[in-house]
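What follows is one structure encoded as structure tokens, with my remarks underneath.
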Amino acid sequence: MKTAADASQRLKRIYGWIGVICWVLILPVKEARRFDLGIDPMVIGFAPSLLGPAGLLLVILSSERRFARLTIGEAALMAGTVALGLEFAQVLPLVRRIYTFDWLDVAATLFSIVAGAMISAGLRRRYRAASG
């Protein structure tokens with residue numbers, strides 16, 4: 001018989017795996033910029049801003065320690081603050097030499113946080129229904 005604790009642990013592992021997969025997918029997307037793959041460069045440009053924040057949100061939700069009691073909303077606020085802070089840091093002169101600030105990346109970051117929260121809420125509902 002599945003217990004609520006077993007379902008919670010399984011859900012946290014799934015959050016962690018999906019979050020890490022999102023982060024790992026950023027690498028080939030960034031490398032794709034070097035090749036002509038027939039993909040719109042704008043899509044490749046903002047794809048990391050779609051993958052990174054959602055991955056961060058899911059990794060936060062997978063926490064067994066410090067962030068274990070955060071709600072999805074609190075975790076989304078935390079991940080959004082970090083992700084938007086990184087986006088807006090690109091306007092600083094030192095960082096601007098390496099990265100380019102783009103409002104489309106900010107929009108993609110916000111979309112990513114909302115999508116990650118919706119996915120995590122859907123998974124949570126599914127696992128609560130399966131354990132109860």
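Criterion first (more than 20 Å from ALA121 (Cβ to Cβ), surrounded by 13 or more Cβ atoms within 10 Å (Cβ to Cβ), hydrophobic (A, V, I, L, M, F, W, C) and modelled with pLDDT under 90) does ALA7 satisfy it? Lay out the reasoning, then the answer.
Details: more than 20 Å from ALA121 (Cβ to Cβ): no; surrounded by 13 or more Cβ atoms within 10 Å (Cβ to Cβ): yes; hydrophobic (A, V, I, L, M, F, W, C): yes; modelled with pLDDT under 90: yes.
Answer is no for this residue.
Checking ILE119 against (1) under 29 Å from ALA4 (Cβ atoms); (2) without any contact (Cβ under 8 Å) to a residue 24 or more places away in the chain: exactly one of these is not met. Which one?
Looking at each condition in turn, ILE119 falls short on (2).
Any residue in segment 92-115 that is under 18 Å from the mean Cα position of the chain (by Cα), charged (D, E, K, R) and either loosely packed, with under 13 Cβ neighbours inside 10 Å or modelled with pLDDT of 95 or more (or both)?
No - not one qualifying residue is present in segment 92-115.
Considering only residues that are of a type outside the set (D, E, K, R) and either touching a strand residue (DSSP E or B) at 6+ places or on another chain (Cβ under 8 Å) or at pLDDT below 95 (or both), which ones fall in segment 72-87?
Residues of segment 72-87 of a type outside the set (D, E, K, R): 72-73, 75-86.
LEU86, the sole residue that qualifies.
Which count do you get for residues in segment 37-64 that are closer than 19 Å to ALA7 by Cβ and exposed (fewer than 12 other Cβ atoms within 10 Å of the Cβ)?
The total comes to 1.
The values are calculated or read from the model by the stated rules, or taken from the named source; none is laboratory data. Keep in mind the model is a prediction, meaning the values are calculated, not measured. Don't worry about glycine lacking a Cβ; one is built from the backbone with ideal geometry, like all the others, and counts go over all protein chains shown.
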